[in-house]
1. Given contacts defined as C-alpha pairs under 8 Å and at least six residues apart, what's the relative contact order of the chain, whole-number percent?
2. Got a sec to turn the phi values of the range 160-172 into Karplus ³J(HN,Hα) couplings, 6.51 cos²θ - 1.76 cosθ + 1.60 with θ = phi - 60°, whole Hz, x for Gly and Pro?
3. First select every other residue whose beta carbon is under 9 angstrom from the beta carbon of residue 182; then total the charges, Lys and Arg +1, Asp and Glu -1.
4. Given the range 118-178, report the % of alpha carbon pairs whose separation exceeds 20 Å.
5. Which of 46, 22 comes first, and how do the rest follow, when ranked by fewest Cβ neighbours within 10 Å?
6. So for the pair residue 120, residue 9, with labels modelled 7 Å out along Cα→Cβ, what separation do we get in nm?
7. Counting pairwise Cα distances across the range 3-110, what percent come out greater than 24 angstrom?
8. Between 33, 17, 76, whose Cα lies farthest towards the positive end of the dipole of the range 3-110 when Lys and Arg beta carbons carry +1 and Asp and Glu beta carbons carry -1, centred on the Cα centre?
Amino acid sequence: MKTKEIFDYLERLSNLLRNEERREGMDYGIQPVQLEALYYLSICNRYSDTPMGVAEYLGQTKGTVSQSLKLLVQKGYISKHANKQDKRSIHLQVTPSGKKLIETLIPPPLITKACINLNEEEQNQIESALKQLLQSIQQSNGMKSFGVCQTCRYNLKKKGGDLFCELTQESLTMSETQCICREHEPVIKSKNG
């Protein structure tokens with residue numbers, strides 16, 4: 001087994017990325033965890049844009065996430081909105097300045113420069129291997145997948161082309177099906193095809 005070798009590469013890559021995030025974020029007064037929270041909110045759907053969704057995705061405590069979100073609100077990168085059905089619950093939305101910051105910092109220059117040196121086939125192989133590793137880690141440890149809505153078993157295309165979430169019993173827009181969801185459950189493929 002190559003467990004240690006895989007870990008060593010991932011650990012080194014993680015450190016390089018974290019250092020890059022720290023360096024790039026300093027100019028904007030944000031730490032890596034705050035940038036990660038902001039990025040998550042920029043790619044998640046309306047069922048996942050809550051403080052609890054951020055905490056689950058990042059694997060952080062509610063206290064750490066609360067402080068990160070507070071700073072992001074103060075800096076004007078996100079805004080808070082009460083849930084229309086449940087006033088006790090809040091949703092978080094990335095503001096235009098937050099979107100601009102994400103466009104500036106994600107993906108980090110470190111990755112962009114490295115990908116320039118890889119041909120398309122090499123990039124596809126790396127993407128496929130990383131996806132497979134992520135799925136294996138999530139499945140073998142009982143973790144949520146936070147997958148894209150359109151790959152979820154609850155996503156249904158109705159007659160006429162309307163999109164629908166069978167879990168929430170609500171209609172979806174095409175753009176929402178491109179976002180990640182904390183309720184995502186992968187489609188289970190049969191062994192026959």
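FYI, it's all coordinate maths here, none of it is from the lab. Small disclaimer: the values here were computed from a predicted structure and weren't measured. As a convention, Cβ positions derive from the backbone with ideal geometry for all residues, glycine included, and neighbour counts pool all protein chains shown.
1. Numbers: 203 pairs, mean separation 36.9, N = 193.
Relative contact order, the chain: 19 percent.
2. So the J values, rounded to whole Hz, are x, x, 5, 9, 8, 9, 6, 6, 8, 6, 10, 6, 10.
3. Numbers: positive: 144; negative: 56, 183.
Overall, the nearby charge balance is -1.
4. Details: 853 of 1830 pairs.
That fraction is 47 percent.
5. Details: 46 16, 22 13.
Least crowded to most crowded, the residues run 22, 46.
6. 2.3
7. Numbers: 1527 of 5778 pairs.
Taking all Cα-Cα pairs of the range 3-110, the fraction more than 24 Å apart is 26 percent.
8. With unit charges placed on the Cβ atoms, the residue in question is 76.
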